[in-house]
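Here's the structure, in structure tokens; my notes come after.
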Amino acid sequence: MTGIVCRCMDVTKEDLLNAIEEGYTDIESIKRVTGLGRGPCQGKTCVPIAIGIIARATGKHPDEVGYITPRPPTKPIFLEQLADEEVKE
Amino acid sequence: MRDRAKLVIIGGGVSGLGTAYHLAKSGFTDIVLIERGYFGSGATGRCGGGIRQQFSEEYNIILARESVRMFEKMSEELNQDIGFRQGGYLILAHTEEEAEHLRENVRLQNSLDVPSRYMDPSEALDIVPHLNIEGLSAAAYCPTDGVSQPFLVVKGYVDTLKKMGVELHDHTEVKGIKVENGEIKKVITDKGDIETNMVLNAAGAWSAKIAEMAGVEMPNKPYRHEILATEHMKPWLRPMIISFHTGIYFSQSHDGEIVGGIGDPDEPSSFRIDSSLEFLERFASVAVRYIPVMKKLKVLRQWAGLYDVTPDARPILGPVDELPGLIQANGYSGHGFMIHPMVTKLLAEYIIDGKTSIDIEPLNLRRFKTGEIIQEANVVG
């Protein structure tokens, strides 16, 4: 029954099934209700697994579950790598 | 979907959901709420979650003050932890003129029972020890300002409204509004039509388009605002840091990420919500100038949302003179989430009683025709 789906944010399979039971069946809503995919890997590990679980639990095709909008940057980057020395005001 | 309702609410962000909640609490549940995406998919779910009472204009201060009192009780009321954290807002000024402006604001806020205080930059170090005060002229701090998690607020409303028997439809799009002889007759959606005489226009940046469907012209314009979140950390930053000089704001959410944005005065009006590297660079440059240790902080993700901006940066609330069945709940100009509790309570009062406990007439759409406009100055971006 229970297993970790999102390692970054500690979201379990049970958390996903509870969200579905509450009526949240698309991946964008489930991301926001459970925290899924909001950690350092930004869903690269957990979202495909979650889609499978949601599809099975709701009887939807995985395409109907959808995919979270990928957000830049691709990998976490330090603010100092982005900051200008001279601050424009 | 029902084919008839006393009220159709267009928009499933905090403006529409909050109004539905206050109506249902008073026993008014003959409502259908329509949301084009998922609940909170517009500005609500994209905003920084900041809750500030430090405005320059009396009306905004009162709405924000009353809203803070409601946020304080919201987790209990909605039976949902909304991640509300009162770490205050620290406003940073750079010039003498800005310092004088802050001093005047604090005087007005204090006269309205908002406990903000004006201080020298060195005093701000007691609140944020990591702050670099070089080049700052003054600061203002209000300890009861704070942040909350917009998505948890949305979840609280959605779950509560479903229990109260209010019909909510996400992933449903409004295609038209039928008006005959100055009266609303019907809302047409892609999932069916709903006969109604009353529509609440809570469609955020798309409100002017919704109003246009009913033949009503509005001055609202959409503007992209970009925002980012960093990796999660233990709590170290108590207040929201904000500066009207640089246009930046950032705070630490209750789950530990820094969430922040920076306005771009050159951003043209549009419906685009894509992300730019230029935004990351501008945010990073200003953030590390204020708090140098943030250099070693990593950005996890960036996104954008739309401000629904009016010519005076104040919301448009209440009925339209030429079409009284169309009630406006939009134009929040970047401050919708923070003032929504009181605003939506007032809108519910208007819908039920035709009158409100705080006068909302000054925020009617007609002000742009009569020219009675008071500008809100404390706006980011």
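Label points 7 Å out from Cα along the Cβ direction at B:Q375 and B:R2: separation in nm?
A separation of 4.5 nm, rounded to one decimal place.
For the range A:4-82, report the convex hull volume of the alpha-carbon atoms normalised per residue, in Å³, without decimals. If you can, show how the numbers build up before the last one.
On the way: hull volume 6.4 nm³, N = 79.
Measuring per residue, one finds 80 Å³ for the Cα hull of the range A:4-82.
Compute the signed sum of charges (Lys and Arg +1, Asp and Glu -1) over the other residues within less than 12 Å, Cβ to Cβ, of B:K209. Display every interim value, and only then the final one.
Numbers: positive: B:R36, B:K175, B:K221; negative: B:E173, B:E212, B:E217, B:D308.
Neighbourhood net charge equals -1.
In percent, how large is the relative contact order of chain A, given Cα pairs closer than 8 Å and 6 or more residues apart? Intermediate values should be presented prior to the final figure.
Numbers: 100 pairs, mean separation 23.1, N = 89.
It comes to 26 percent, rounded to a whole number.
Name the residues of the range B:16-57, by number, that are at least 40 Å² less accessible with every protein chain in place than in the isolated chain; the surface is that of heavy atoms, probe 1.4 Å, without ligands or nucleic acids.
B:Y38
Which GluC sites (Glu not before Pro) from the range B:109-213 combine a DSSP loop assignment with at most 14 other Cβ atoms within 10 Å? Spell out each step's value before the answer.
Working: sites: B:E123, B:E134, B:E167, B:E173, B:E180, B:E183, B:E195, B:E212; in loops: B:E134, B:E173.
Passing sites in the range B:109-213 are B:E134, B:E173.
Which Cys residues of the protein assembly as shown have no other Cys beta carbon under 4.7 Å away?
So far as the 4.7 Å Cβ criterion goes, A:C8, A:C41, B:C47, B:C142 stand without a partner in the protein assembly as shown.
Leaving ligands, DNA and RNA out of it, report the carbon-plus-sulfur percent of the accessible area of chain B at a 1.4 Å probe. It would help to have the intermediate numbers written out before the result.
Values: 7030 of 14340 Å².
The computed percentage sits at 49.
Sorted from largest down, what three extents in whole angstroms do the Cα atoms of the protein assembly as shown have along their principal axes?
62, 60, 39 Å, listed from the longest principal axis down.
Anything in chain B that counts as a DSSP H helix reaching 15 Å or more along its axis (C-alpha) with Kyte-Doolittle mean of at least 0.0? List them, would you?
Numbers: long enough: B:14-25 (16 Å, 0.39); B:58-78 (29 Å, -0.36); B:96-111 (23 Å, -1.71); B:150-163 (20 Å, 0.27); B:277-290 (20 Å, 0.51); B:336-353 (25 Å, 0.87).
The qualifying helices are B:14-25, B:150-163, B:277-290, B:336-353.
Counting only helical runs of four or more DSSP H residues, what would the 222 nm mean residue ellipticity of the protein assembly as shown come to if each run contributes -39,500 (n - 2.57) and the total is spread over all its residues?
Values: 15 runs with 152 residues, N = 470.
Mean residue ellipticity at 222 nm (helix-derived): -9500 deg cm²/dmol.
Exactly which GluC sites (Glu not before Pro) in the range B:1-109 are in a DSSP loop and have at most 10 other Cβ atoms within 10 Å? Present the calculation step by step, with values, prior to reporting the outcome.
Working: sites: B:E35, B:E57, B:E58, B:E66, B:E72, B:E76, B:E77, B:E96, B:E97, B:E98, B:E100, B:E104; in loops: B:E35, B:E57.
Nothing satisfies the criteria.
If the elastic network links every pair of Cα atoms under 10 Å, which of B:S116, B:S137, B:S357 fluctuates the most in the Gaussian network model of chain B?
With Cα springs under 10 Å in chain B, the top fluctuation among B:S116, B:S137, B:S357 is at B:S357.
Using only the alpha-carbon atoms of the range B:108-215 as identical scatterers, what base-10 log of I(q)/I(0) does the Debye formula give at q = 0.12, 0.14, 0.19 Å⁻¹?
-0.72, -0.79, -1.03
Counting every Cα pair in the range B:45-132, what percent are over 22 Å apart? It would help to have the intermediate numbers written out before the result.
Details: 1422 of 3828 pairs.
Beyond 22 Å sits 37 percent of the P(r) for the range B:45-132.
Let me confirm one metric for peptide A:68-75, namely the mean number of other chain beta-carbon atoms within 10 Å of its residues' beta-carbons. Could the numbers behind the result be given before it?
Working: counts 0, 3, 1, 8, 11, 9, 0, 3.
That works out to 4 on average.
Over 10 Å intervals from 0, what percent of Cα-Cα pairs in the range B:173-275 sits in each interval?
Taking every Cα pair in the range B:173-275, the percentages come to 13, 28, 22, 20, 15, 2.
How large is the Rg to Rh ratio of the range B:215-354 when both quantities use alpha carbon positions and Rh follows Kirkwood?
Working: Rg = 18.1 Å, Rh = 17.1 Å.
On the Cα set of the range B:215-354, Rg over Rh gives 1.06.
So what's chain B giving for Cα Rg divided by 2.2 N^0.38 Å, two decimals? Before the final figure, lay out the partial values.
Numbers: Rg = 20.4 Å, N = 381, 2.2 N^0.38 = 21.0 Å.
Dividing the Cα radius of gyration by 2.2 N^0.38 Å gives 0.97.
In Å², what does the accessible area per residue of chain B work out to with a 1.4 Å probe?
Details: 14340 Å² over 381 residues.
Result: 38 Å² of accessible area for each residue.
Using the structure shown, select from B:K25/B:K73; B:K191/B:K345; A:K13/A:K60; A:K13/A:K44 the pairs with a Cα to Cα distance greater than 19 angstrom. Let's see the in-between values first.
On the way: B:K25/B:K73 15 Å; B:K191/B:K345 29 Å; A:K13/A:K60 17 Å; A:K13/A:K44 17 Å.
Listed pairs above 19 Å: B:K191/B:K345.
The values are calculated or read from the model by the stated rules, or taken from the named source; none is laboratory data. What you see is a predicted model, and the numbers here were worked out from it, not measured in a lab. Cβ sites come from the backbone with ideal geometry, for glycine too, and all protein chains shown count toward neighbours. Keep in mind that these areas ignore ligands, DNA and RNA; they rest on the heavy atoms of the full protein, side chains included. Shrake-Rupley method; radii C 1.70, N 1.55, O 1.52, S 1.80 Å.
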